[in-house]
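Submitted below is the structure of interest, expressed as C-alpha cells.
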Amino acid sequence: MDGQLRWQVADDRLTLAGELERETLLPLWQQRAEVMGRVEIIDVAGLQRVDSDGLALLVHLRQIVLERGKAPRFTGITDKLRSLITLYNLQKIIAEGE
C-alpha cells in the first residue's frame, strides 16, 4: 500500500483506489462537488483500506448523488469493507448494486 487515495471519473462512474482514510481523504473531500458531477456508480473495488472516516465520506458521496435525484450504486465491495459497513450498521445505505 502506498498510503494514498486515487480516483478517476469516467462517464457516470467514480473509481476509487488506494486507502480511503482520515489521512488521505482531504483532497477528494475538497473536490467532491466537481468529482461527483455526473457520478451514479461508486466503484470501491480498488480500495485496500477504509477507516470510519472513509466510510463517512462514502455515505456523503452517496448523499450527493441522491440530492441530484439519481440512484447511487456501489460496486466492488470487498469482504473487509463489508465487515466495516456491517459494524456501523450501514448495510441499507452502502449496498452493492444499490
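The values are calculated or read from the model by the stated rules, or taken from the named source; none is laboratory data. These numbers come from a predicted model, not from an experiment. Cβ coordinates were reconstructed from backbone atoms using ideal geometry, including for glycine residues, and neighbour counts include every protein chain displayed. The area values use the complete protein model at the heavy-atom level, side chains included, leaving out ligands, DNA and RNA. Shrake-Rupley method; radii C 1.70, N 1.55, O 1.52, S 1.80 Å.
All but one of (1) out of contact with any Lys or Arg (no Cβ under 6 Å at 6 or more places or on another chain); (2) open to solvent by less than 70 Å² (accessible area, probe 1.4 Å) hold for residue 29; state the number of the condition that does not hold.
That leaves (2) as the condition not met.
To continue, here is another question. Pairs, please: C-beta under 7 Å, at least 6 apart or cross-chain, first residue in contact (Cβ under 8 Å) with a residue 12 or more places away in the chain and within 11 Å of residue 50 (Cα to Cα) and in the stretch 71-89, second outside any strand (DSSP E or B) and open to solvent by 40 Å² or more (accessible area, probe 1.4 Å)?
Listed by first residue and then by second, the contacts come to 85/91.
Looking at residue 63, is it loosely packed, with under 14 Cβ neighbours inside 10 Å, in contact with a Lys or Arg (Cβ under 9 Å, 6 or more places away or on another chain) and not charged (D, E, K, R)?
No.
Can you tell me which residue is farthest from residue 70 (Cα to Cα) among those in the stretch 1-12 that are surrounded by 12 or more Cβ atoms within 10 Å (Cβ to Cβ) and in contact with a Lys or Arg (Cβ under 9 Å, 6 or more places away or on another chain)?
Of the stretch 1-12, the ones surrounded by 12 or more Cβ atoms within 10 Å (Cβ to Cβ) are 5-9, 12.
Next, from what is left, pick out any that are in contact with a Lys or Arg (Cβ under 9 Å, 6 or more places away or on another chain): 9, 12.
On the way: 9: 17, 12: 11 Å.
Among those residues, the one meeting the criterion is 9.
Looking at residue 86 and the list (1) surrounded by 15 or more Cβ atoms within 10 Å (Cβ to Cβ); (2) assigned to a helix (DSSP H, G or I), which single condition is not satisfied?
Evaluating residue 86 over (1) surrounded by 15 or more Cβ atoms within 10 Å (Cβ to Cβ); (2) assigned to a helix (DSSP H, G or I) leaves (1) as the failure.
Within the stretch 1-33, which residues are of a type in the set (Ser, Thr, Tyr) and under 19 Å from residue 97 (Cα atoms)?
First, the residues of the stretch 1-33 that are of a type in the set (Ser, Thr, Tyr): 15, 24.
15, the sole residue that qualifies.
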